[in-house]
Every structure is written in C-alpha cells, then in structure tokens.
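The values are calculated or read from the model by the stated rules, or taken from the named source; none is laboratory data. None of the values given here were measured: they were computed from a predicted structure. A quick note on method: Cβ atoms are made from the backbone with ideal geometry, for glycine too, and the neighbour counts reach across all protein chains shown. Just so you know, the surface numbers come from the protein's heavy atoms only, side chains and all, with ligands and any DNA or RNA stripped out. Shrake-Rupley method; radii C 1.70, N 1.55, O 1.52, S 1.80 Å.
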Amino acid sequence: MQIDLIKGHGSGNDFLLIDEISNAISFTEKERAELARLLCNRNTELGADGILFVMKSQHADGRMRVFNADGSEASMCGNGLRLVARYICELYGLNEAVIETMKANLKVSKQADLLQDIHTYQVEVSPVLFELKTLPLNLNQPTLYNERIKELSDELTFTALAVPNPHLIAIVETEQLQSDIQKQLSEKVNGPNELFPDGVNVSFVKPLQPGAIYVRTFERGVGFTNACGTAMSASSLVTCLQELNEFEKTINVYNNGGKVQCVVHQIAGEYKIDLIGNATYLYEATAQINLKGESFTISSKKDFMEQHSYEKLQEVAQQVITKTLKG
C-alpha cells in the first residue's frame, strides 16, 4: 500500500494528514486503527499524536476523522481541525468552509497570521455538554462544576464537560503544576477505573492574568501532549464560568507547544468556542506500507520550510511558561 501524507501540527500537537478526497484510496475501520498505531509510533521515521483522515462529505466541504496514536478514534480535535481547515480551504480555494466531524458540522475560516508567515485558522468548537452521562462520568449527580472527586484528590476541584471530547479540568496553582499529581490521576482515569470507563482528557489550568491562561493536558489515547485544542477551548470556557476571564473577549492560551487564542460565546444559554491558532505543515512524504508485516518505508520526503516561523511564536510562549512554572 502506498500513501501520500502531510505531517503538520497545531500548537505542537502533530498529525499525519491523509487525503481521501483527491487520492483514490479508502480504508477499513481496522486499517485506520492499524495505520495510526504503526505510523504514529514515535520510534519510527514518522511518529505523531494521531492521523487526520480527510474525506468527502455529503453535506459539508469536507469530513475529518481523527485516530489517536493508540488506534482509538476521537470525536473531535481542535488542533487537528485547523490543519484540516487549511487543507480543505487550499484544496478548494476557500477562505471559509464547513467541516463534518463525528458530532457536528463546524465552521472554519482563514485568519490573519498570528505572527508573520504562520498560517492561522479559526475553528468552531461545539457542542458543549455538561451532563456527566455524555462523557461518561459515573457519579451520582447530573453535572460536576468546580467540585471535588474524593477518589482523585482531596485538594483539587474539577469541572467536567464534553466539547464533544470528554474533559476534566482543574484550576491549579504553580506548586500543583510542579507536582506529579496530574500524571498520577490522569493515568488512573485512563486505565481500568469505575469513574471514567472510556477515559478522559485531564487539564491543569493556571490563570496568568486577565485574558491569559496556561493549559497542560494529559490527552486520552496519547498521554501528555504539547497541546490539545478541545482542552484549551474547554479550559477557556471554565475560566469564563468562574469569572477569571470574560465571555466574548480574546483569551491568550499558552501551552507547551506554543500559543492559541480562544473566544467563548454564550448564546441563549448555550456555549461555543472559537479556537484560533496555527496550521503549520512540516513535510510531505510518500510511505510504502505493509500492514500485515507492521512495517513501512519512506520513499520520498519534502520539507515545507514553515517551522522556522512558528518557532518564533514558541520562543515567546516558552518565556511565559518558564516564568509561570517558576511561580
């Protein structure tokens, strides 16, 4: 099997993008999971957090399916959606489009560069659901807002929501960021457990100043990642609900991969979030794949030369993060 692909990233959250629109290829569900486990392995020449399959849609400009590095499928991915947004917009010569995802058709659009020569896209993150059964989270209550979960921590309070990926979010202090507590409880809720039977993304959020937060996420199916788009969106919403930030105003969200911006909207009692950030291409490659033999080789590879521009944004973000972690 020969596959052409693009490797790119949103906020350092990296993916392999496979075009099923222009190329005459298709995969079984088993093959998608096997490809993700094989190609995303960090011990190989490629390696990534997941695969973005870009497909035709019957009622949108394109369709996105996301498979994590462990072969599981995610219902949404904000950082990945920015890459798909760029790909679809450039493929069809559009400045805005609608992308079909597992739970919703989402609006995307090209935006002014965050910094010079950084391809920047805005994507819609919705729906937002607070009912614990949608995550699912097995507690004897309908929702969880800024409350303790005794099985996880005596000191932290959590908010649970789905956007539509499931998220567990805690507002924390620097000393909690510096401890091992996030790793310990994240591994607990993503292993065999009674609280989250399907696992959950766990984010620690440190407010920096009005209009700025730092988010670190343990992503279900991935582990600690440079950034998680839906987690940064959900975290921004939680800070607005706790009156640490304001609805309808831009929030600068710093992460280990760089920086994005979020704007949280409250409309008739419902919420949606605009996620604005980079869609950076690293290289395009052609892979010769033997799924039965669980092996592949790269027959060609060409760099897009875009990463240098993004590294300037990373430098600024890292200065903020270093200051944050020093307290």
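Put simply, of 98, 125, 108 the only residue that is open to solvent by 30 Å² or more (accessible area, probe 1.4 Å) and either touching a strand residue (DSSP E or B) at 6+ places or on another chain (Cβ under 9 Å) or under 18 Å from residue 228 (Cα atoms) (or both) is 98. Go through (1) of a type in the set (S, T, N, Q); (2) out of contact with any Pro (no Cβ under 8 Å at 6 or more places or on another chain); (3) open to solvent by 10 Å² or more (accessible area, probe 1.4 Å) one by one and return the number of the condition residue 75 breaks. With respect to (1) of a type in the set (S, T, N, Q); (2) out of contact with any Pro (no Cβ under 8 Å at 6 or more places or on another chain); (3) open to solvent by 10 Å² or more (accessible area, probe 1.4 Å), residue 75 is out only on (2).
Condition check: surrounded by 17 or more Cβ atoms within 10 Å (Cβ to Cβ) and in contact with a His (Cβ under 9 Å, 6 or more places away or on another chain). Does residue 234 satisfy that? Yes; evaluated as a whole, the condition is true for this residue.
May I ask you to verify whether residue 150 is outside any loop (DSSP other than H, G, I, E, B), on the phi < 0 side of the Ramachandran plot and charged (D, E, K, R)? No: the conditions fail for residue 150. Sub-6 Å Cβ pairs linking a first residue in segment 199-216 that is within 12 Å of residue 240 (Cα to Cα) and at pLDDT 95 or above to a second residue that is open to solvent by 10 Å² or more (accessible area, probe 1.4 Å) and assigned to a strand (DSSP E or B), at least 6 apart or interchain, are 212/252; 213/207, ordered by first then second residue. If you go through segment 217-250 and keep only what is free of Cβ contacts under 8 Å to residues at least 60 places away in the same chain and of a type in the set (S, T, N, Q), you end up with 217, 236, 245, 250.
Taking residue 184 as the residue in question, decide whether it is at pLDDT below 95 and farther than 26 Å from residue 80 by Cβ. Spelling it out, it is not the case that residue 184 is at pLDDT below 95 and farther than 26 Å from residue 80 by Cβ. Evaluation of residue 146 against the conditions (1) in contact (Cβ under 8 Å) with a residue 60 or more places away in the chain; (2) open to solvent by less than 30 Å² (accessible area, probe 1.4 Å); (3) farther than 23 Å from residue 103 by Cα shows that the sole unmet condition is (2). Here 272, 312, 301, 259 are screened, and the one residue that is open to solvent by 40 Å² or more (accessible area, probe 1.4 Å), in contact (Cβ under 8 Å) with a residue 12 or more places away in the chain and outside any strand (DSSP E or B) is 312. When segment 11-49 is filtered for residues that are closer than 26 Å to residue 259 by Cβ, assigned to a strand (DSSP E or B), of a type outside the set (Asp, Glu) and at pLDDT 95 or above, the ones remaining, listed by number, are 15, 16, 17. With the condition kept exactly as written, say whether any residue in segment 129-140 is of a type in the set (Val, Ile, Thr), in a loop (DSSP other than H, G, I, E, B) and under 30 Å from residue 107 (Cβ atoms). The answer is no; no qualifying residue exists. Filtering segment 153-182 to residues that are touching a residue at least 60 places away in the same chain (Cβ under 8 Å) and not in a loop (DSSP other than H, G, I, E, B) leaves 159, 161, 167, 169, 171, 174, 175, 177, 178. Considering every residue within segment 245-267, establish whether at least one is of a type in the set (A, V, I, L, M, F, W, C), more than 22 Å from residue 324 (Cβ to Cβ) and in contact with a helix residue (DSSP H, G or I) (Cβ under 7 Å, 6 or more places away or on another chain). Yes, because at least one residue in segment 245-267 is of a type in the set (A, V, I, L, M, F, W, C), more than 22 Å from residue 324 (Cβ to Cβ) and in contact with a helix residue (DSSP H, G or I) (Cβ under 7 Å, 6 or more places away or on another chain). Can you confirm whether residue 253 is aliphatic (A, V, I, L, M), buried (at least 17 other Cβ atoms within 10 Å of the Cβ) and assigned to a strand (DSSP E or B)? Against the criterion (aliphatic (A, V, I, L, M), buried (at least 17 other Cβ atoms within 10 Å of the Cβ) and assigned to a strand (DSSP E or B)), residue 253 qualifies. Would you be able to say whether some residue in segment 200-211 is under 21 Å from the mean Cα position of the chain (by Cα), in a loop (DSSP other than H, G, I, E, B) and surrounded by 17 or more Cβ atoms within 10 Å (Cβ to Cβ)? Yes. Among all positions in segment 54-63, there is no residue which is open to solvent by 10 Å² or more (accessible area, probe 1.4 Å), of a type in the set (S, T, N, Q) and not in a loop (DSSP other than H, G, I, E, B). Looking at segment 158-188, which of its residues are farther than 20 Å from residue 199 by Cβ and either buried (at least 16 other Cβ atoms within 10 Å of the Cβ) or under 19 Å from the mean Cα position of the chain (by Cα) (or both)? Those that are farther than 20 Å from residue 199 by Cβ and either buried (at least 16 other Cβ atoms within 10 Å of the Cβ) or under 19 Å from the mean Cα position of the chain (by Cα) (or both): 171, 172, 176, 177.
Screening 81, 139 for residues that are open to solvent by 10 Å² or more (accessible area, probe 1.4 Å) and modelled with pLDDT of 95 or more leaves exactly one candidate, 139.
Could you please let me know if residue 21 is closer than 24 Å to residue 307 by Cβ and touching a strand residue (DSSP E or B) at 6+ places or on another chain (Cβ under 7 Å)? The answer is no for residue 21.
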